[in-house]
Amino acid sequence: MHVALRRFAEDLDDPSADMIIAALIINARLRGPGLRDLLGALADSVREELDMRRKVNSSRRSTRRSVQIVIFVSVFIAVVLAMIDRAFLQPYDSAFGQFVLAIIVAIYALGIVWLRKLARFDMPQRLLGTATTATTASQNQPSGTAAEPGTVAAWREGSRA
């Protein structure tokens, strides 16, 4: 059963779902009481986390849209200036002007990279490993013993010491 739950966790590929699945794996292994209360508390916690993710995503969406507008407007103005008033861009015809233009473009590119980095979201690390890891671990163990999540194994090692 634990292998099926780990495969299910791998299919979902979500850190929030890993907490719930880890509770199911531990309960299937230890047959402890209180699963209903634990799952209820986890459901509340996951619901709050997902609400927060939704708010952050909507905030990031508006930031991305603002960045796209700024990039479009500045490129549009540069192209329009190049087409309408060549005399305005005449200082960039010399070697020094090209150097200054290269610096301006580099600063602009660094700004875009910086804004992109700010808009990126790294998913939290998953609690459970991959399903292939669980299958490999269960094959390497003596028959009759089931593979357990790494966090449970670490807890067991800590409690034995």
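The values are calculated or read from the model by the stated rules, or taken from the named source; none is laboratory data. In this text, all values refer to a predicted model and were calculated from it rather than measured experimentally. Here the Cβ positions follow ideal geometry from the backbone for every residue, glycine too, while neighbour counts run over all protein chains shown.
The residues on offer are Ser45, Ser62, Ser74, and the sole one that is over 23 Å from Leu115 (Cβ atoms) and polar (S, T, N, Q) is Ser45.
Any chance region 60-74 includes a residue that's more than 18 Å from Arg120 (Cα to Cα), out of contact with any Pro (no Cβ under 8 Å at 6 or more places or on another chain), surrounded by fewer than 16 Cβ atoms within 10 Å (Cβ to Cβ) and touching a residue at least 12 places away in the same chain (Cβ under 8 Å)? Yes, there is a match, as at least one residue in region 60-74 is more than 18 Å from Arg120 (Cα to Cα), out of contact with any Pro (no Cβ under 8 Å at 6 or more places or on another chain), surrounded by fewer than 16 Cβ atoms within 10 Å (Cβ to Cβ) and touching a residue at least 12 places away in the same chain (Cβ under 8 Å). Pairing residues of region 90-104 that are at pLDDT below 95 with residues that are among the β-branched types (Val, Ile, Thr) and assigned to a helix (DSSP H, G or I), at Cβ distances under 9 Å and at least 6 apart in sequence or on separate chains, gives Pro91/Val100; Tyr92/Val100. In region 1-54, the residue that is surrounded by the most Cβ atoms within 10 Å (Cβ to Cβ) out of those that are of a type in the set (Val, Ile, Thr) and under 24 Å from the mean Cα position of the chain (by Cα) is Ile21. Restricting region 45-89 to residues that are aromatic (Phe, Trp, Tyr) and modelled with pLDDT of 85 or more, the residue that is nearest to Ala17 (Cα to Cα) is Phe72. The criterion of at least 1 residues that are farther than 22 Å from Leu128 by Cα is met, among helices (runs of 4 or more DSSP H) falling completely within region 1-117, by 35-84.
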